[in-house]
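Computed from the coordinates by the stated procedures, all read-outs in this text should not be read as laboratory data. Because the structure is a prediction, the values reported are computed rather than measured. Here the Cβ is made from the backbone with ideal geometry for all residues, glycine too, and neighbour counts use every protein chain on show.
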Amino acid sequence: MPGPNTNSQAAFFDNATVDELPETTRQLVERRNRSLGSASRLLYAAPLDVVRGSGTRLYDADGIEFLDAGDNVPTVGHGHPRVVDAIATRAARGTSNVHYLDRDMLDYTENLLGTMPRGLANVLYAASGSEANDLAVRIARNATGSRGVIVTRNAYHGATAETAAFSPSLGSDVAPWVRIVDAPTGDGSALATEVASAAAELADTEFGFAAFIADSVFASDGIFPGAPDEPNFLTAVLEAVHAAGGLYIADEVQSGFGRVGTGLLGFSHLDAAGDPFVPDIVTLGESIANGLPLAAVITRRDLVDDFARRDHYVAPNSSNSVSMAAAQAVLDIVRDENLVENSVAIGAYLAAGLAMLAEFHDAIGQVRHTGLLVGVDIMRNGAPDDALALALVTELRNRRVLVGMCGPLGVTLTVRPALTFSAADADLLLTELDSALRATRAI
Ligand code: PMP
């Protein structure tokens, strides 16, 4: 299903329009309102009644096909047969967890560690990206004896009480132990200085400075991945964090598993410009198991040992073998189907197509992309325009192409499809975007 957009400007359904929906949809929405209530929001002005997915496509109850270009969670596509098979095989054998000696878990864990930078040697499993980030911060607080956390201005790191307290994109006040820095909207060189001064500010409070946590591609801030041929600005940030006595947590919940193109991790494309980037803690989720609940905190052995000496982590349901079988299949499929290479190739193809569209449509502003993570700023008369961005997302949905929105102003269209996205999928997206731009021009 289309991924959750954590911005208040997202293309959510407006309940005030429920009576305008076709009868069957209206009944479903009303059932949903009665049982799920108002906190669980539906995407799109015309909500989707999805019954099935296959590859990059979703199908509604009437059999209508949608191109899913907005959801990063099914990394290798909806209903991939190898994932389905892995899940079914393991489920038939029952499930165990981290408190038993599970050979499949050991195999997977070793495989996962094999994809990590040197030094990140231990994995703690969780069931969601939120839990992973929550645990990562616990580990950082344990190591530093401090509480303060630094995040970017429109960051989203989770739904637990603690992670929500350092997720400014949710719109509520962040906790007093949180400091906010600007996302790297330019060349990224200002970020290290900003982090250093935020850390110094925290050091002067009762909280002190424990960790800087950032999505490696700054997706909810509007997608600012940096360029592989420019200096890796995150290295300077890492140095600033360490100089201030804190830990760097790379939130790879959205960017992990090959999406960025040059490697499995969201920061790997920056390695090309210099030494490998090695954060203190990496968190993984969402895309790790193609949509099944699994997440991971990967960090140094000394940090885990230090944590285990003073704290306990007991979470048997956070490491279930069925999710892990899906995760193993994801790793295998990304390798066997060359999906990292596909990310690079199709991402570049899409970006080139968008550049061509931009020649005819003033509404297309800056396009930022790395692999199959693409952000397109939507403009009117030279200024970012959230109403036009929303109209485009709605028009595309009506043309059976699903994309998301991100950024603090809700002016950036997000394309983050399954990594199996093909050139034909990209062509369809570009054709429909062209038509949607023409259709919305009058608005
Ligand atoms: N961090 C980032 C960067 C995310 O995008 C998300 C979810 N969209 C989370 C954390 C939270 O993950 P989950 O929804 O699995 O709890």
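Search the structure for amide H atoms under 5 Å from the amide H of Leu247, placed 1.01 Å from N in the peptide plane, and list their residues when 5 or more places away or on another chain.
Those lying under 5 Å, H to H, from Leu247 are Ala211, Phe212.
Where in region 366-383 does the amide nitrogen come within less than 16 Å of the point 7 Å from the Cα of Arg441, taken along Cα to Cβ?
Flagged as within label range: 379-382.
In whole Å, largest first, what are the principal axis extents of the Cα atoms in region 265-350?
Largest first, region 265-350 extends 50, 36, 19 Å along its Cα principal axes.
Rounded to whole Å and ordered largest first, report the semi-axes of the equivalent ellipsoid of region 294-443 derived from its Cα gyration tensor (root of 5λ).
38, 19, 14
Neighbouring Cβ atoms within 10 Å as the yardstick, rank Glu194, Glu110, Glu341 fewest first.
Placing the least packed residue first, the sequence is Glu110, Glu341, Glu194.
Quote the relative contact order of region 274-318 in percent (integer), defining contacts as alpha-carbon pairs under 8 Å separated by 6+ residues. Mind dumping the intermediate values first?
On the way: 28 pairs, mean separation 14.0, N = 45.
31 percent.
Would you grab the residues whose amide H sits under 5 Å from the one on Arg153? Only those 5+ places off in sequence or on another chain, please, with H modelled 1.01 Å from N.
Val181, Ala183
Please report Tyr108, Tyr59 as a ranked list, fewest other C-beta atoms within 10 angstrom at the top and most at the bottom.
Details: Tyr108 22, Tyr59 17.
The most exposed by this proxy come first: Tyr59, Tyr108.
Roughly how big is region 342-443's charge dipole about its Cα centre, with Cβ charges of +1 (Lys, Arg) and -1 (Asp, Glu), in debye to the nearest 20?
Values: 8 positive and 10 negative charges, 37 e Å.
So the magnitude is around 180 debye.
Return the Rg/Rh ratio of region 138-277 with Cα-based radii and a Kirkwood Rh.
0.95
Return the Rg/Rh value of the chain, two decimal places, where both radii are evaluated on C-alpha atoms and Rh is the Kirkwood radius.
Working: Rg = 21.3 Å, Rh = 22.3 Å.
The Rg/Rh ratio comes out at 0.96.
Ordered by residue, what ³J(HN,Hα) values in Hz, to whole numbers, does region 367-376 give under the Karplus form 6.51 cos²θ - 1.76 cosθ + 1.60, where θ = phi - 60° and Gly and Pro are x?
3J(HN,Hα) across region 367-376, in whole Hz: 10, 10, 8, 9, x, 9, 10, 10, x, 10.
Hey, what number do you get for the chain at 222 nm if only DSSP H runs of n ≥ 4 count, each worth -39500 (n - 2.57), divided across all residues, to the nearest 500?
It comes out at -11500 deg cm²/dmol, rounded to the nearest 500.
Whole angstrom only: what separates the Cα centroid of region 24-66 from the Cα centroid of region 303-370?
25 Å
At a Förster radius of 51 Å, what calculated FRET efficiency corresponds to the Cβ-Cβ distance of Asp362 and Arg52, to the nearest 0.05?
0.85
Return the percentage of antiparallel bridges among DSSP beta bridges fully within the chain, rounded to the nearest 5 %.
So the antiparallel bridges in the chain amount to around 65 percent.
Report the relative contact order of the chain, percent, no decimals, based on alpha-carbon pairs under 8 angstrom and at least 6 residues apart.
That works out to 22 percent.
Helix 189-203 sits at what angle to the longest principal axis of the chain, using alpha carbons and giving 0 to 90 degrees rounded to 10?
Once rounded, the angle reads 50 degrees.
Tabulate in residue order the Karplus-calculated ³J(HN,Hα) for region 409-422, using 6.51 cos²θ - 1.76 cosθ + 1.60 with θ = phi - 60°, rounded to whole Hz; enter x for Gly and Pro.
Residue by residue, region 409-422 yields 9, x, 10, 10, 6, 10, 10, 8, x, 4, 6, 8, 3, 9 Hz.
Working from Cα positions, state the angle (0 to 90°, nearest 10) between the long axis of helix 233-243 and the longest principal axis of the chain.
30 degrees
Given Cβ point charges of +1 (Lys, Arg) and -1 (Asp, Glu) and nothing else, what value in debye, to the nearest 20, does the dipole of the chain about its Cα centre take?
840 debye
Given H placed on each backbone N at 1.01 Å, which residues far from Phe218 in sequence or on other chains put an amide H within less than 5 Å of it?
Phe224
Given 0.36 nm per residue, what is the gain on full extension from Asp311 to Leu101 after removing their alpha carbon distance, in nm?
Going from the current span to full extension adds 73.4 nm.
Kindly express, to the nearest 10 degrees and within the range 0 to 90, the angle between helix 423-440's C-alpha long axis and the longest C-alpha principal axis of the chain.
Roughly 60 degrees, rounded to the nearest 10.
Over region 129-211, consider all pairs of different Cα atoms and compute the Kirkwood hydrodynamic radius from their mean reciprocal separation; express it in Å, one decimal.
On the way: mean 1/r = 0.0775 Å⁻¹.
Averaging 1/r across every pair of different Cα atoms and inverting gives 12.9 Å.
Could you check the spin-label model distance between His242 and Ala355? Points 7 Å from the Cα along Cα→Cβ, value in nm.
Each label point lies 7 Å from its Cα, and together they span 3.6 nm.
Could you go through region 132-149 in sequence order and give the Karplus-derived ³J(HN,Hα) for each residue, using 6.51 cos²θ - 1.76 cosθ + 1.60 with θ = phi - 60°, rounded to whole Hz, and x for Gly and Pro?
Once rounded to whole Hz, the list reads 4, 5, 4, 5, 4, 5, 4, 5, 5, 5, 4, 6, 9, x, 10, 10, x, 10.
Quick one: which of 138-150, 84-96, 284-296 comes out on top by average Cβ neighbours within 10 Å, and what's the full order, highest first?
Order by mean packing, descending: 284-296, 138-150, 84-96.
Counting other beta carbons within 10 Å of each residue's own, what order do Asp280, Asp104 fall into, fewest first?
Details: Asp280 23, Asp104 15.
With the fewest neighbours first, Asp280, Asp104 line up as Asp104, Asp280.
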